[in-house]
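**Q** This is the structure, below, for whatever I ask next.
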Amino acid sequence: MSEMKKFKHVIEGQQFSRDDLDDLFAIARDMEKKPVRNDLSGKVLITLFYEPSTRTRLSFEAAMEHLGGSVISTENAANFSSAAKGETLEDTIRVVSGYGDVIVIRHFESGAAKLASSVSSIPVINAGDGTGQHPTQALLDMYTIQKEVGHIDGISIAMVGDLANGRTVRSLAYLLGKYANIRIVFVSPENVKMRDDIKEYLSRHNVKWEESSDLEATARTVDVVYQTRIQRERFSSIEEYENTRGIYVITKETLDVMQKHAIVMHPLPRVDEIAYEVDTDPRAAYFRQAHNGLYIRMALLSSVVS
Ligand code: CP
C-alpha cells in the first residue's frame, strides 16, 4: 500500500501540500481496490457530533469498521453528552481522548476542532466547524474531480449557492490553491457571497477567480459546477432565508448548456437547489462523490492512527 506522512491532526485545508494530496489519493485508490482490511484492528474511533450529519459521521464510522477497528459515538453530542450539563469542550476532549485512538468532531462553532486538538492526546479530525472548514469533504471533492474529470490542474469550477456560510467551499478553495491554472467562478446571492479571506488567499496563490450572477453563462464554460445548499440554520431570520433560496437552481436547462465532460457536484444534503430531474444524467456526480467519502476517510484514518 502507498505510504503517507502521518498527520497529528486534520483541521484545515491549508495544512495539506500537493504531495500530501497525491499520497492520500493513492491510498484511497488502494482502499477502493481492497475495502475490507484489518489495518486498524484493536483501534477505536470516537465520533462527537454537535451538529446533524448523515454522510460524514456514517462514512467515518463505516471507514473504521472497514479497517477492522471499532467505533464509540454520541451522535447528538449537544444534547446527549455532558455538554448538556455545562461541561466545556476542552474537558470533554481531555476525557474522551483517554477512551480511543482518534476523535472525529463536528461542532457548531468555527475553531472548535482546532481548540479540541490543542487539548487532545490523540489525533483530532475536523468533520465541520460552524462556518469555518470541512477539510475531509474537500479532500473527497478533490478526489472526485480527479477521478471524474481526469485532472485537477487547469480546471475551471463554478462554486454556486451559499458561499458565505458554506464550509465545504472554503476548504475546497484552499485545496484548489495548491494546483496550477485553476479558475473559480463564484455564483451566489448578494447576501451570501464568498468571504474576502478566501478571495485574498486565492489571489496570493495565483488562482484566477471572478464573481458572476449568471449561472447559465458560467455553466457553459466550466468543468465542474459545484452547487451548495442555502443553509437555513445559519440565517438569523426565516424571511432572509426565504429571500435567498431558490435563486440559483441546477435544472435540465443547466445540463443542456454544460459541456459533455463537465460534472455537477454537491456536498449534500440537497434541498431544492438541484432539480431531481438532474439525477439521471451521467454528469450528476454527487452520489458518486458521497461514496468516495468512504475511501478518502479510510485513507485519512489509516494515516493519522498509529
Ligand atoms: N456533506 C456533509 O457534510 O454531509 P453531512 O452533513 O450529512 O455529514
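**Q** Being exposed (fewer than 15 other Cβ atoms within 10 Å of the Cβ) and either more than 16 Å from the ligand (Cβ to nearest atom) or among the aliphatic types (A, V, I, L, M) (or both) is the filter here, so list the residues in the stretch 260-269 that pass it.
**A** Taking the stretch 260-269 and keeping what is exposed (fewer than 15 other Cβ atoms within 10 Å of the Cβ), we get 260-261, 269.
Passing the criteria: 260, 261.
**Q** Residues in the stretch 28-43: is at least one open to solvent by less than 30 Å² (accessible area, probe 1.4 Å), away from the ligand (no atom under 16 Å from the Cβ) and among the polar types (S, T, N, Q)? It would help to see each step written out before you state the result.
**A** Taking the stretch 28-43 as the starting set, the residues that turn out to be open to solvent by less than 30 Å² (accessible area, probe 1.4 Å) are 28, 31, 40.
Applying the additional criterion that residues be away from the ligand (no atom under 16 Å from the Cβ) yields 28, 31, 40.
Then drop every residue that is not among the polar types (S, T, N, Q), which leaves none.
Checked the stretch 28-43: no residue is open to solvent by less than 30 Å² (accessible area, probe 1.4 Å), away from the ligand (no atom under 16 Å from the Cβ) and among the polar types (S, T, N, Q).
**Q** Report yes if some residue within the stretch 149-156 is aliphatic (A, V, I, L, M), outside any helix (DSSP H, G or I) and touching a Gly at 6+ places or on another chain (Cβ under 6 Å); otherwise report no.
**A** Looking for residues that are aliphatic (A, V, I, L, M), outside any helix (DSSP H, G or I) and touching a Gly at 6+ places or on another chain (Cβ under 6 Å), one finds none in the stretch 149-156, hence no.
**Q** Return yes when residue 77 is more than 19 Å from residue 293 (Cβ to Cβ) and open to solvent by less than 20 Å² (accessible area, probe 1.4 Å) and no when it is not.
**A** Working: more than 19 Å from residue 293 (Cβ to Cβ): yes; open to solvent by less than 20 Å² (accessible area, probe 1.4 Å): yes.
In short, yes.
**Q** Of the residues 220, 229, 195, which is in contact with a helix residue (DSSP H, G or I) (Cβ under 7 Å, 6 or more places away or on another chain) and of a type outside the set (A, V, I, L, M)?
**A** Details: 229 fails: in contact with a helix residue (DSSP H, G or I) (Cβ under 7 Å, 6 or more places away or on another chain); 195 fails: in contact with a helix residue (DSSP H, G or I) (Cβ under 7 Å, 6 or more places away or on another chain).
Testing whether each residue is in contact with a helix residue (DSSP H, G or I) (Cβ under 7 Å, 6 or more places away or on another chain) and of a type outside the set (A, V, I, L, M) leaves just 220.
**Q** Just the residues that are away from the ligand (no atom under 12 Å from the Cβ) and surrounded by 24 or more Cβ atoms within 10 Å (Cβ to Cβ), please, taken from the stretch 116-138.
**A** Step one: of the stretch 116-138, the residues away from the ligand (no atom under 12 Å from the Cβ) are 116-125, 130-132.
The answer is 116, 124, 125.
**Q** Looking only at the stretch 270-306, which residues are farther than 30 Å from residue 41 by Cβ, in a loop (DSSP other than H, G, I, E, B) and either free of Cβ contacts under 8 Å to residues at least 60 places away in the same chain or open to solvent by 30 Å² or more (accessible area, probe 1.4 Å) (or both)? Steps first, please.
**A** Of all residues in the stretch 270-306, those farther than 30 Å from residue 41 by Cβ come to 270-287.
Then drop every residue that is not in a loop (DSSP other than H, G, I, E, B), which leaves 270-273, 275, 279-283, 285.
Within the stretch 270-306, 270, 271, 272, 275, 279, 280, 281, 282, 283 meet the criteria.
**Q** Would you mind finding the one in 74, 92 that is within 16 Å of the ligand (Cβ to nearest atom) and either without any contact (Cβ under 8 Å) to a residue 24 or more places away in the chain or on the phi < 0 side of the Ramachandran plot (or both)? Can you show your working first?
**A** Numbers: 92 fails: within 16 Å of the ligand (Cβ to nearest atom).
Of 74, 92, the one residue that is within 16 Å of the ligand (Cβ to nearest atom) and either without any contact (Cβ under 8 Å) to a residue 24 or more places away in the chain or on the phi < 0 side of the Ramachandran plot (or both) is 74.
The values are calculated or read from the model by the stated rules, or taken from the named source; none is laboratory data. What you see is a predicted model; the values in this text were computed from it and never measured. Using ideal geometry, Cβ is built from the backbone for each residue, glycine included, and neighbour counts are taken over all protein chains shown. Each accessible area value is taken on the protein alone, full model and side chains, heavy atoms only, with ligands, DNA and RNA left out. Shrake-Rupley method; radii C 1.70, N 1.55, O 1.52, S 1.80 Å.
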